[in-house]
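Student: Here it is, the structure in full.
The values are calculated or read from the model by the stated rules, or taken from the named source; none is laboratory data. Quantities reported herein were computed from a predicted structural model and do not represent experimental measurements. Because the Cβ atoms are built from the backbone with ideal geometry, glycine has one as well, and the counts that use them run over all protein chains shown.
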Amino acid sequence: GAGVSQSPSNKVTEKGKDVELRCDPISGHTALYWYRQRLGQGLEFLIYFQGNSAPDKSGLPSDRFSAERTGESVSTLTIQRTQQEDSAVYLCASSLGLGGRLAYNEQFFGPGTRLTVL
Amino acid sequence: AQSVSQHNHHVILSEAASLELGCNYSYGGTVNLFWYVQYPGQHLQLLLKYFSGDPLVKGIKGFEAEFIKSKFSFNLRKPSVQWSDTAEYFCAVSRKAAGNKLTFGGGTRVLVKP
C-alpha cells in the first residue's frame, strides 16, 4: 500500500500480559518513529529508528517497552507485563530520513493501534 | 526540555466564523514547525509545515500559519470555517539535531456548528 500500516488496529489484553504492535512504513522511508496518545493527552514520542544507526530510545517510559526494526522495513513495538496506564493509541510514522530538504522531515502517520489493558 | 503549548483545548464556533489556534514552543534553536489534523475516525494528516523562508505558510483546505520567531509562535488560521473542519488540531515541532522526532502540543478540539 501507499501509506503506513499498523496492526492490529485494536488490541485488548489483560494486565500483566505482553503485547506486540507492528508497523509497516512507506517503502523507501529510512526513518521510523513510534508515538503514543493517551486519552485526553497529546502525542508522546517513544522511539526513533534511522537507517542502521542506533535507535533513539529516549522517549520509552520504562524498560517494559522495547522496539525493533528489521533493516529499513517492519518495526515491532513490544510492551511486557502491560499495565492499565499503557492503554493508549500507539502511532507509527515514517519519513524519507534526515536531510536538509523539508521532504525528508515530513512524517506520515499510520492509523494507529488502540491498546486497552484491562 | 523542548515543549509545545496550545492555548485552547476546546473551541466551538459557527460555520463561516474565523479560526485562530495558538501554538508556542520553548526551543530557541532552528526548528521545523507543523500543524497536523485528525478528523473524527481518521489518522493524523499534515495540514501545513514551515522549514524556512516566507514565515506565512499556506496549507491545505484554506489553512495558513504564521511563524513569528520573536514570539516563538506558529499560530494556525482559517478565515472562514466549515462544518467539515471539525477535528482535533495538533501543533508540532522538530529539530534535525534531535532526529526530527516530533514534539506535539496537547491538541485543540475544534467543533464547527452547522
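Student: Return yes or no: is B:SER94 away from chain A (no Cβ under 14 Å) and at negative phi?
Tutor: no
Student: Scan (1) of a type outside the set (S, T, N, Q); (2) more than 21 Å from B:GLY107 (Cβ to Cβ); (3) without any contact (Cβ under 8 Å) to a residue 12 or more places away in the chain for the single condition A:GLY3 breaks and write down its number.
Tutor: Of everything listed in (1) of a type outside the set (S, T, N, Q); (2) more than 21 Å from B:GLY107 (Cβ to Cβ); (3) without any contact (Cβ under 8 Å) to a residue 12 or more places away in the chain, A:GLY3 misses just condition (3).
Student: Looking only at residues in region A:1-30 that are over 23 Å from A:GLN80 (Cα atoms) and among the β-branched types (Val, Ile, Thr), which one is nearest to the other protein chains (Cβ to nearest Cβ)?
Tutor: Once the filter is applied, the top-ranked residue is A:VAL4.
Student: Need pairs with beta-carbon distance below 7 Å; first residue facing another protein chain (nearest Cβ under 7 Å) and within region A:31-46, second of a type in the set (Lys, Arg) and assigned to a loop (DSSP other than H, G, I, E, B); sequence gap 6+ or separate chains.
Tutor: These pairs meet every condition: A:TYR33/B:LYS101; A:PHE45/B:LYS101.
Student: Within region B:84-106, is there a residue that is surrounded by fewer than 16 Cβ atoms within 10 Å (Cβ to Cβ) and modelled with pLDDT of 95 or more?
Tutor: Yes, that holds for at least one residue.
Student: Taking strands (runs of 3 or more DSSP E) that fall entirely within region B:34-114, which contain at least 1 residues that are of a type in the set (D, E, K, R) and in contact (Cβ under 8 Å) with a residue 60 or more places away in the chain?
Tutor: Values: elements: B:45-50, B:56-58, B:64-68, B:73-78, B:87-94, B:108-113.
Passing ranges, in order: B:73-78, B:108-113.
Student: Now a separate question. Given B:PHE67, B:PHE74, B:PHE63, B:PHE34, which one is under 19 Å from A:PHE45 (Cβ atoms), modelled with pLDDT of 90 or more and more than 13 Å from chain A (Cβ to nearest Cβ)? If you could, list the steps in order and put the result at the bottom.
Tutor: On the way: B:PHE67 fails: under 19 Å from A:PHE45 (Cβ atoms); B:PHE63 fails: under 19 Å from A:PHE45 (Cβ atoms); B:PHE34 fails: more than 13 Å from chain A (Cβ to nearest Cβ).
Testing whether each residue is under 19 Å from A:PHE45 (Cβ atoms), modelled with pLDDT of 90 or more and more than 13 Å from chain A (Cβ to nearest Cβ) leaves just B:PHE74.
Student: Which one of B:PHE72, B:PHE34, B:PHE51 is within 10 Å of the chain's Cα centre (by Cα) and surrounded by 13 or more Cβ atoms within 10 Å (Cβ to Cβ)? Working first, answer last.
Tutor: Values: B:PHE72 fails: within 10 Å of the chain's Cα centre (by Cα); B:PHE51 fails: within 10 Å of the chain's Cα centre (by Cα).
On inspection, the qualifying residue turns out to be B:PHE34.
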